[in-house]
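Since the structure comes first, as structure tokens, the remarks are kept for the end.
The values are calculated or read from the model by the stated rules, or taken from the named source; none is laboratory data. Quick caveat, the model's predicted, so the values are computed rather than measured. Positions of Cβ are generated from backbone atoms using ideal geometry, with glycine treated the same way; all protein chains shown enter the neighbour counts. Keep in mind that these areas ignore ligands, DNA and RNA; they rest on the heavy atoms of the full protein, side chains included. Shrake-Rupley method; radii C 1.70, N 1.55, O 1.52, S 1.80 Å.
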Amino acid sequence: MNWRGIRAIIRKDLMVVTRSRNTMLAMIVVPLLFTVALPAGMILLSSSQDMLDEFSPDGDMALFFNNLPASINDELSAFPQPNQQIIILLTMYLFAPMFLILPMMTSSILAADSFAGEKDRKTLEALIYTPLTDAEIFIAKLLSSFVPALLVSLLGGLAYGLVVNTVAAPIMGRIFFPNLTWVALIFWVAPAAAALGLGAVVLVSSRVNSAQEANQLSGLIVVPLVLLVIGQLGGVVYLSAGVVFSIGFVFWLLGAALLWYGARTFKRGELLARL
Amino acid sequence: MQNAVISARELTRTFGDKAAVNRLTLDVLRGEIFGFLGHNGAGKTTTVRLLNGVLAFSGGSATVLGLSPAADGPALRRRTGVLTETPSLDERLNARDNLTIYAEVYDVPRDQVNRRVDEILGLFDLADRSKERVGGFSKGMKQRLALARALLHRPEILFLDEPTAGLDPQAARQVRDLITHFSRQEGHTVFMCTHNLVEAQRLCDRVGVMEHGRLLAVGTPVELARQLGSRARVEIEVAAEHVQRADSLLRSLTADVSVEHDTFMIGGVEREFVPRALAALVNAGVMVYRVAPAEPSLEDVYFALHERNETS
Ligand SMILES: Nc1ncnc2c1ncn2[C@@H]1O[C@H](COP(=O)(O)OP(=O)(O)OP(=O)(O)O)[C@@H](O)[C@H]1O
Ligand SMILES: [Mg+2]
């Protein structure tokens, strides 16, 4: 394995992507929104009468409470006040699927720029004549999208924890974040979500000619996350630690399958033939 | 062939049922500048891809620098440099970064990367623009930078795919000078695809002419002309008052004579015609100011080849 060459390609891809203002803007604004603005807003609203009504037994959120598993009930019972319970439900459970958007989005935006963008910018041909093997190019491109996605989810998790614990401190009276769900989310599911987003982009990138097209097509990959949000609101699925762990497992499997297929079909001759 | 750094035997690549390269048999010798000529779609770019192991063969075999493109692609590409049809530069990066990254990829020794990048930026007249984004460069500058990148790792064979296409005369000349420098000073082999015949004639030691994936002929332009039976042309300038006398004299010696002012253009003659005509003119008291024999140009050869191919 020519690691020096791989590192050079990673460096190139990251330099190229950081010079695109729109992409960088998305990669800064979205994480800030999801780890700072939204959670802080939710917590500040948690004591409002509207919110208390929503979560009351005959409010809009009633469905959510229908099948609440014992583990979550236990967690809630540690906090007697309704607004405390609302904070737990919002920050720990309802928001959890949203957090997964971060690694998925980061890896897929970067991968679209790295895989499909290379065609866009007409730089693929020079890359193809380098001494790097197909596998080395593929690995370089995987890492240049996957590693930043991991960093974003780790830093995002850290920021989320800081914001949630700080803003909710007056109401909760103690540090309550993270629970087991979030530990699994940050360290197990987020990397899997990154791999899944990456796999989806790799799959579509060989068939499209621009990063933009790749992004549009691979955007569909957030559908499972939307389903999780809806599933929880409807009381069908709850992101307890066990469930989160299983979701991670499924994501890993899907992501690995996509990447394995992508790796097998990543051949410079084929890439050229499709130019 | 002994000294061949590229040798292809019956090399073939098809796309669907169309042969882009059709049973190409060719040797390119160490140190020569080889011109690969052909119309659009003749199969030039495909040949470069095959020889560098980036495209699989459909048939035949080839060795380049003693390696098999199919089996030893990475090792082979370490020793070749390719200037692609489009410069294929990262336009969001500056010139220096474009070079440095490829120096790493081509495994230029670490302690030499900076020195070599500086050196080549200087040689290619890009040093003072090295920190600027390549997106803002002129076409000529991009082409020079792309050529610099192809040379950074001191390849033994340099493949050039239409190196001066779309450049203005001055930029084209700069690029040509750099190519000659690389070949003559460093003794490396150049494989140059082009449809610029004047350029090929000026630069190339030997040329091969492709059409529809097949190689029609190989040789020096002069050899090709001989094979085709092309004859030389001569221009003879005489004193204005002797034009008439010279005219009847020359027409008695050969058929293809035309005249413009005081200069005769004579086509389709053997070399031996020149001293014979000159002696006759001088004997007849014609003042001869200039005799310019011209070998058949590569252009003559090129079109003759294509014509012959068409009729056969
Ligand atoms: N990836 C591909 N898929 C299908 N056909 C191809 C592919 N690459 C080349 N061809 C076909 O093979 C033939 C030779 O193409 P090639 O690009 O080698 O020609 P060329 O001599 O380089 O032409 P040009 O002067 O236009 O660059 C053309 O007819 C082209 O359409
Ligand atoms: Mg071509």
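Each principal axis of the Cα cloud of the protein assembly as shown was evaluated for its coordinate range; sorted largest first, these ranges are 127, 47, 44 Å. In this simple spin-label model, placing a label point 7 Å from the Cα along the Cα-to-Cβ direction at both B:Glu260 and B:Asp128 gives a separation of 4.2 nm.
Kindly compute the accessible surface that chains B and A hide from a 1.4 Å probe when together, both sides summed, and give it to the nearest 100 Å².
Chains B and A together bury approximately 2800 Å².
Be a star and scan the stretch A:109-134 for residues whose amide nitrogen sits under 15 Å from the point 7 Å along the Cα-to-Cβ vector of A:Leu272. Backbone N within reach: A:123-134. Panel note: the C-alpha atoms of chain B, placed on their principal axes, show extents of 74, 48, 33 Å (largest first). Modelled spin-label separation between B:Val282 and A:Thr133, with each label point placed 7 Å from Cα along the Cα-to-Cβ direction: 7.2 nm.
In the structure displayed, which of A:Lys267/B:Lys142; B:Lys18/B:Lys142; A:Lys267/B:Lys131 lie more than 32 Å apart, Cα to Cα? Table pairs above 32 Å Cα-Cα are B:Lys18/B:Lys142; A:Lys267/B:Lys131.
Counting only protein heavy atoms and using a 1.4 Å probe, the accessible area of B:His306 comes to about 10 Å². Relative to the dominant Cα principal axis of chain A, helix A:241-265 is inclined by about 10°. Over chain B, Cα pairs under 8 Å with separation of 6+ residues give a relative contact order of 19 percent. All Cα-Cα distances of the stretch B:123-281, cut into 5 Å bins from zero to the largest, leave 1, 7, 14, 13, 11, 10, 10, 9, 9, 7, 5, 3, 1, 0 percent in each bin in turn.
With the simple spin-label model, which puts each label point 7 Å out from Cα in the Cβ direction, the A:Ser210 to B:His306 separation comes to 3.5 nm.
Per residue, how much space in cubic angstrom lies within the convex hull of the C-alpha atoms of the stretch B:132-226?
Values: hull volume 11.4 nm³, N = 95.
Hull volume over Cα atoms, normalised by residue count, gives 120 Å³.
Taking the C-alpha atoms only, the angle from helix B:243-253 to the longest principal axis of chain B is near 80 degrees.
Per residue, the solvent-accessible area of the protein assembly as shown (1.4 Å probe, heavy atoms of protein chains only, all protein chains present) comes to 44 Å². The alpha carbons of chain A stretch over 66, 31, 30 Å along the principal axes, in descending order. Summed over qualifying helices (DSSP H, 4 residues or more, each -39500 (n - 2.57)) and divided by its residue number, the protein assembly as shown shows a 222 nm mean residue ellipticity of -15500 deg cm²/dmol.
Counting other C-beta atoms within 10 Å, and keeping those with at most 14, which DSSP coil trypsin sites (Lys or Arg not before Pro) do you find in the stretch B:233-312?
When the trypsin sites (Lys or Arg not before Pro) of the stretch B:233-312 are filtered for loop state and at most 14 Cβ neighbours within 10 Å, B:Arg271 remain.
So what's the stretch B:231-295 giving for Rg/Rh, alpha carbon basis, Kirkwood Rh from the mean inverse pair distance?
Numbers: Rg = 10.3 Å, Rh = 11.4 Å.
Taking Rg over the Kirkwood Rh, I get 0.91.
Given a Förster radius of 25 Å and the C-beta distance between A:Leu68 and A:Val223 as r, what FRET efficiency does 1/(1 + (r/R0)^6) yield to the nearest 0.05? The pair A:Leu68/A:Val223 has a calculated efficiency of 0.50.
Once the Cβ-Cβ distance of B:Glu272 and B:Ala56 is raised to the sixth power relative to R0 = 56 Å, the FRET efficiency obtained is 0.60.
Per atom type, chain A shows carbon and sulfur on 70% of its accessible surface, probed at 1.4 Å.
Applying the Karplus relation 6.51 cos²θ - 1.76 cosθ + 1.60 with θ = phi - 60° to the stretch B:205-215 yields 3J(HN,Hα) values of 6, 9, 10, x, 10, 9, 8, 6, x, 10, 8 Hz, where x marks Gly and Pro.
Taking only the Cα atoms of the stretch B:187-312, the radius of gyration and Dmax are 17.9, 55 Å.
The distance separating the Cα centre of the stretch A:112-188 from that of the stretch B:161-240 comes to 53 Å.
I'd like the carbon and sulfur percentage of the solvent accessible area for the stretch B:4-225, probe radius 1.4 Å, heavy atoms only, ligands and nucleic acids excluded. Walk me through the numbers on the way to the answer.
Details: 3850 of 8480 Å².
Carbon and sulfur atoms account for 45 percent of the accessible area of the stretch B:4-225.
In degrees, nearest 10, range 0 to 90: what is the angle between the Cα axis of helix B:298-311 and the longest Cα principal axis of chain B? Helix B:298-311 and the main axis of chain B meet at about 90 degrees.
Could you tell me the relative contact order of the stretch B:231-295? Use alpha-carbon pairs under 8 Å, at least six residues apart, and round to a whole percent. Numbers along the way, then the final one.
Values: 97 pairs, mean separation 35.6, N = 65.
Once normalised by length, the contact order is 55 percent.
Look at the alpha carbon pairs under 8 Å that are at least 6 residues apart: their mean separation over the length of the stretch A:3-273 gives a relative contact order of 28 percent. Computed from backbone phi, the HN-Hα couplings of the stretch A:91-103 come to 6, 8, 10, 5, 7, 3, x, 4, 4, 5, 4, 4, x Hz, rounded to whole numbers (Karplus: 6.51 cos²θ - 1.76 cosθ + 1.60, θ = phi - 60°; Gly and Pro given as x).
For the stretch B:63-150, trypsin sites (Lys or Arg not before Pro) are listed when DSSP marks them as loop and at most 12 other Cβ atoms sit within 10 Å of their Cβ; the list is B:Lys131.
Counting every C-alpha pair in the stretch B:30-76, the share spaced more than 14 angstrom apart comes to 54%.
Suppose accessible area is computed on protein heavy atoms with a 1.4 Å probe; arrange A:Asp134, B:Asp177, B:Asp161 from highest to lowest. It would help to have the intermediate numbers written out before the result.
On the way: A:Asp134 40, B:Asp177 90, B:Asp161 10 Å².
These residues rank, largest area first, as B:Asp177, A:Asp134, B:Asp161.
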